[in-house]
1. Whose amide H sits under 5 Å from the amide H of residue 27, counting only residues 5 or more places off or on another chain, with H placed in the peptide plane?
2. What's the ranking of 30-40, 14-24 by average number of surrounding C-beta atoms within 10 Å, highest first?
3. Which ³J(HN,Hα) values, rounded to whole Hz and listed in residue order, are derived for the stretch 34-44 from phi using the Karplus coefficients 6.51, -1.76 and 1.60 in 6.51 cos²θ - 1.76 cosθ + 1.60 with θ = phi - 60°, glycine and proline given as x?
4. Give the relative contact order (percent, whole number) for the stretch 1-94; include only Cα pairs under 8 Å separated by 6+ residues.
Amino acid sequence: LTIEKNGSIDILQLKSSWAGAFGWAQFLPSSYLKFSSDGNGDKKVNLFNPSDAIFSVANYLNRSGYIEGNMVAVRRALRNYNRSYDYSNAIANLAERILPIKDDNSTPDSSSQVINNHPAVTGNKTSQ
């Protein structure tokens with residue numbers, strides 16, 4: 001009801017999993033209320049919108065202890081989302097293959113800088 005009251009989502013139109021998770025990030029309503037972030041600046045959070053979903057996940061991982069370049073912390077943060085070691089290892093290994101971490105800890109491209117400086121990651125929440 002809190003989500004409906006703040007006008008973020010029309011819960012009558014919301015499609016979710018059997019467990020109640022919804023959007024690209026598959027957030028439960030409690031995670032949505034705690035971690036969702038307005039990634040595209042439209043003053044709404046819609047987890048079916050790629051920008052909002054990506055920045056909400058970034059916020060979730062950041063607040064779960066994610067540290068760029070520290071694969072132990074990355075896996076720990078992933079396990080906060082899904083308790084499976086197989087899941088966290090698979091995602092972390094895939095991320096390393098797609099976007100390898102350089103020896104000097106610099107980011108491979110400007111998209112990492114955009115995400116790292118976004119309010120969803122820095123903790124300055126723009127909307128909920």
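Throughout, read-outs are computed from the coordinates displayed, never taken from laboratory work. Everything quoted here is computed from the prediction, not taken from an experiment. Note that we place each Cβ from the backbone using ideal geometry, even for glycine, and neighbour counts take in every protein chain shown.
1. Amide H neighbours of residue 27, under 5 Å, 5+ apart: 22.
2. Averaged packing, sorted descending, gives the order 30-40, 14-24.
3. Calculated HN-Hα couplings, in order: 8, 10, 4, 9, 7, x, 9, x, 8, 6, 9 Hz.
4. 17 percent
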